[in-house]
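**Q** Below are the structure tokens for one structure; questions will follow.
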Amino acid sequence: MNSDKSDVIWVGSRRTVSTHDCPPIRIENDTICATNKARLLGVSISTDLTFDQHVTSVSGQCFYQLRQLRSVRQSLDTESISTLIRAFVSSRVDYCCSLLIGSPRSVTDKLQRVLSAATPCYNQHQEI
């Protein structure tokens, strides 16, 4: 076991997490302390399971990719820009989106804004 790559997260409501401390876990010579967030298969999980930090991170990455694509869209044909949007934006939004079922609208709206921003990038290219 690599204690530098292992995380323990104490999950519950904000009240439960704030009132109950998770004791450090000791396995052989390694000790792992609880953290406020953990990363599993590329998804950031927080103690309250809102996935707000994960969605904020994904949104930021997608908007960065959209800015990069807008700077080169004049040089690309419609099929190429569509492929790049699917590869760099849609695939990130779609990855593990089933975890967001039941999430507050304030969380899911961030991803909706990404998809809405990706649409004009594609549509503006078609009008040229």
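**Q** What list of ³J(HN,Hα) values in whole Hz, one per residue of segment 90-104 in order, does the Karplus curve 6.51 cos²θ - 1.76 cosθ + 1.60 (θ = phi - 60°) give from phi, with Gly and Pro shown as x?
**A** 4, 5, 6, 5, 6, 5, 6, 5, 5, 5, 8, 4, x, 6, x
**Q** Also: Exactly which GluC sites (Glu not before Pro) in segment 25-128 are in a DSSP loop and have at most 12 other Cβ atoms within 10 Å?
**A** Those that pass, being in a loop and sparsely packed, are GLU28.
**Q** Then there is this: Tell me, what HN-Hα J-couplings in whole Hz come from the Karplus equation 6.51 cos²θ - 1.76 cosθ + 1.60 at θ = phi - 60° for each residue of segment 78-85, using x for Gly and Pro?
**A** Coupling constants for segment 78-85: 4, 5, 5, 5, 5, 5, 5, 5 Hz.
**Q** Tell me which label goes with the value of Kirkwood radius over Cα pairs in Å computed from the coordinates here: [x] 17.0; [y] 17.7; [z] 15.0.
**A** Among [x] 17.0; [y] 17.7; [z] 15.0, the one calculated here is [x].
**Q** Given contacts defined as C-alpha pairs under 8 Å and at least six residues apart, what's the relative contact order of the chain, whole-number percent? Intermediate values should be presented prior to the final figure.
**A** Values: 124 pairs, mean separation 28.6, N = 128.
After rounding, I find 22 percent.
**Q** Let me ask something else about it. Rounded to whole Hz and in sequence order, give me ³J(HN,Hα) for segment 43-57 from the Karplus expression 6.51 cos²θ - 1.76 cosθ + 1.60, θ = phi - 60°, writing x for Gly and Pro.
**A** Going residue by residue, I get 10, 7, 10, 9, 5, 9, 6, 8, 6, 5, 5, 5, 5, 4, 5 Hz, with x marking Gly and Pro.
**Q** Continuing with the same structure: Can you tell me the dipole magnitude for the chain around its Cα centre, using point charges on the Cβ only (Lys, Arg +1; Asp, Glu -1), in Debye to the nearest 20? Don't jump to the answer; show the numbers that get you there.
**A** Values: 14 positive and 12 negative charges, 64 e Å.
Once rounded to the nearest 20, the dipole reads 300 debye.
**Q** For the chain, what does the helix formula give at 222 nm: sum of -39500 (n - 2.57) over DSSP H segments with n ≥ 4, over the residue count, nearest 500 deg cm²/dmol?
**A** The helix-only estimate for the chain comes to -15000 deg cm²/dmol at 222 nm.
**Q** Given the peptides 49-62, 32-45, arrange them by the average over their residues of other C-beta atoms within 10 Å, most packed first. The partial results should precede the final answer.
**A** On the way: 49-62: 17.9, 32-45: 13.8.
Sorting 49-62, 32-45 by mean packing, highest first, produces 49-62, 32-45.
**Q** Looking at the chain, send over the antiparallel percent of its DSSP beta bridges, to the nearest 5.
**A** Numbers: 7 of 9 bridges.
That works out to approximately 80 percent antiparallel.
Each value in this text was obtained by applying a stated rule to the coordinates, not by laboratory testing. A quick note: this is a predicted structure, and the numbers were derived from the prediction, not measured. Quick reminder, even Gly has a Cβ in these numbers, built from the backbone with ideal geometry, and neighbours come from all protein chains shown.
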